[in-house]
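Worksheet: the structure to be examined is printed underneath.
The values are calculated or read from the model by the stated rules, or taken from the named source; none is laboratory data. What you see is a predicted model, and the numbers here were worked out from it, not measured in a lab. Note that each Cβ is placed from the backbone with ideal geometry, even for glycine, and that neighbours are counted across all protein chains shown. Note: areas computed on protein heavy atoms with side chains; ligands, DNA, RNA excluded. Shrake-Rupley method; radii C 1.70, N 1.55, O 1.52, S 1.80 Å.
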Amino acid sequence: VQLQASGGGLVQAGGSLSLSCAADRRAFSASPLGWFRQAPGKAREFVAAVSWSGDRTYYADSVKGRFTISRDNTVSVFLQMDSLKPEDSAIYYCAARVGPFSGNYYNAAWVNYWGQGTLVTVSS
């Protein structure tokens, strides 16, 4: 069972990056998918999530209006990041839930599968 993230890199403030996460279709076709990030010395934090059907999305206040999460029918999840700021620098992890869950998406309680992370660095 795999979540394979890619697309990180170095970008100047104000620029854009697009992250992708390829999920094992057999395991995650009915799963909500999302992104978290962790900056050095800080706790991992929620960034965005999308429902299994793709019709509902959730964003942290810090990225709302700048980041867009989406998924396709190959069970990949994408994070389009625009107007990047230096404080967006972090390792970004894709996340998934297999099995029932009740609660909100704004913390990591819903996650039971993590990808390996991809580094995003935004220079000022």
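Gaussian network model of the chain, Cα springs within a sub-10 Å range: biggest mean-square fluctuation belongs to which of 11, 77, 47? Ranking 11, 77, 47 by mean-square fluctuation puts 11 first. Looking at the chain, the accessible area is 51 square angstrom per residue; that uses a 1.4 Å probe and ignores ligands, DNA and RNA. List the trypsin sites (Lys or Arg not before Pro) within region 1-52 that fall in a DSSP loop (any state other than H, G, I, E or B) and whose Cβ has at most 15 other Cβ atoms within 10 Å. Of the trypsin sites (Lys or Arg not before Pro), the ones in loops of region 1-52 whose Cβ has at most 15 other Cβ atoms within 10 Å are 42. Of the residues 20, 119, 52, the one whose Cα sits farthest towards the positive end of the charge dipole of the chain is 52 (charges of +1 on Lys and Arg Cβ, -1 on Asp and Glu Cβ, taken about the Cα centre). Would you mind telling me which residue in 62, 31, 76 has the biggest mean-square fluctuation in a Gaussian network model of the chain, where springs connect alpha carbons within a distance under 10 angstrom? Maximum fluctuation in the GNM of the chain, among the listed residues, is at 62. The sum of -39500 (n - 2.57) across all DSSP H runs of n ≥ 4, divided by the residue count of the chain, sets its helix-only mean residue ellipticity at 222 nm to -500 deg cm²/dmol. Per-residue 3J(HN,Hα) values for region 88-97, derived from phi via the Karplus relation 6.51 cos²θ - 1.76 cosθ + 1.60 with θ = phi - 60°, read 7, 5, 4, 8, 9, 10, 7, 9, 8, 10 Hz in sequence order (x marks Gly and Pro).
Each Lys and Arg contributes +1 and each Asp and Glu -1, all at the Cβ; summed about the Cα centre of the chain, the dipole is approximately 160 debye. Start at zero, step by 5 Å, and the Cα-Cα distances of region 1-67 spread as 4, 13, 20, 27, 21, 10, 5, 0 percent across the bins. Taken along its principal axes, the alpha carbon cloud of the chain reaches lengths of 41, 26, 25 Å, longest axis first.
Residue by residue, region 77-87 carries 3J(HN,Hα) couplings of 10, 10, 9, 8, 10, 10, 6, 5, 10, x, 6 Hz when phi is fed to the Karplus relation 6.51 cos²θ - 1.76 cosθ + 1.60 (θ = phi - 60°); x denotes Gly or Pro.
Share of carbon and sulfur in the accessible area of the chain stands at 50%, probe radius 1.4 Å. Amide H contacts of residue 67 (H built 1.01 Å from N, in plane; Pro and chain starts excluded): 82 sit under 5 Å, all sequence-distant by 5 or more or on other chains. Among 99, 41, 65, whose mean-square fluctuation peaks in a Gaussian network model of the chain (Cα, cutoff 10 Å)? Most flexible of the set in this elastic network: 41. Protein-only accessible surface at a 1.4 angstrom probe places the residues 51, 29 in the order 29, 51, largest first.
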